[in-house]
Amino acid sequence: MKLAGWLIFGVVILPVLFILTASFLGWHFDVVPTKSMEPAFNPGGMVVTRPVELEDITIGDPILFREPATGGLICHRVISIEEVDGELFFRTKGDANEYPDADLVSSQDFIGKVVLYVPHIGNIAYLSRLHETAITVMGQSVSLASLIILAVGLTVIGMEFNNIWEWTSGHKSERREEVLKKRKERLAARKRGFF
């Protein structure tokens, strides 16, 4: 049971805690909805984006930005960098698209640089649409899917802490003492030659 608890903690809880903490620091965790970045990023995968300075972006970097016309999030690759009146602009293009994007990405639309792509992991949230339902927590918008995962994870952690507490105190402590006493008796019997 201990191994299962640690496994759940490592596989579920740590990633959820990382996502929540990173979200408060401006990171984005977004499901890839289209084929525009294939084969690098396939639909149903998840891109992880962190905020960086505009000067840190180089040609070839995939970036996340807000489309000026619709306000939707787009992840495309930088194909050129232009400076106009001292301000940096990025020309972007989807890897699978034939032509570059019509608009340049300005500093106002720029969100960050994609630092990680996890294939298929977004399918669960994408199918259930829970990632699109946002709830505001302490002034930050958090997806319902993240909150459900967090709630399940915290429940599992609570159960494990309860098991540890019961083992170290209370009636399980008495049981542990009985087990240790029997072990000592068996060891003493073996030393005397009795089995």
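Here is a check on your reading of the model: is Ala40 modelled with pLDDT of 90 or more and over 25 Å from the mean Cα position of the chain (by Cα)? No, not satisfied.
Among the residues of the stretch 39-62, write down those that are surrounded by 15 or more Cβ atoms within 10 Å (Cβ to Cβ) and under 12 Å from Ser107 (Cα atoms). Can you show your working first?
Residues of the stretch 39-62 that are surrounded by 15 or more Cβ atoms within 10 Å (Cβ to Cβ), as a first pass: 40-50, 52, 54, 57, 61-62.
Listed by number, the residues that qualify are Val52, Leu54, Ile57.
Filter the stretch 80-104 down to the residues that are over 21 Å from Thr34 (Cα atoms), touching a strand residue (DSSP E or B) at 6+ places or on another chain (Cβ under 8 Å) and of a type in the set (D, E, K, R) and list them by number. Glu82, Glu83, listed by residue number.
When we screen Val47, Val84, Val78 for residues that are in contact (Cβ under 8 Å) with a residue 40 or more places away in the chain and hydrophobic (A, V, I, L, M, F, W, C), the only hit is Val47.
Tallying residues that are charged (D, E, K, R), assigned to a loop (DSSP other than H, G, I, E, B), out of contact with any Leu (no Cβ under 9 Å at 6 or more places or on another chain) and over 17 Å from Tyr117 (Cβ atoms) within the stretch 52-78 yields 1. With respect to the conditions (1) surrounded by fewer than 16 Cβ atoms within 10 Å (Cβ to Cβ); (2) farther than 17 Å from Val47 by Cα; (3) not basic (Lys, Arg), His120 falls short on a single one, namely (2).
Kindly indicate whether any position in the stretch 115-134 is outside any helix (DSSP H, G or I), closer than 16 Å to Ile57 by Cα and modelled with pLDDT of 80 or more.
As a first pass, look at the stretch 115-134 and keep what is outside any helix (DSSP H, G or I): 115-121, 129, 133-134.
Keeping just the survivors that are closer than 16 Å to Ile57 by Cα gives 115-116.
From the residues that got through so far, the ones that are modelled with pLDDT of 80 or more too are 115-116.
Yes: one or more hits.
The values are calculated or read from the model by the stated rules, or taken from the named source; none is laboratory data. These figures come from a predicted structure and were not determined experimentally. Neighbour counts are summed over all protein chains in view; Cβ atoms, including those assigned to glycine, are modelled from backbone coordinates with ideal geometry.
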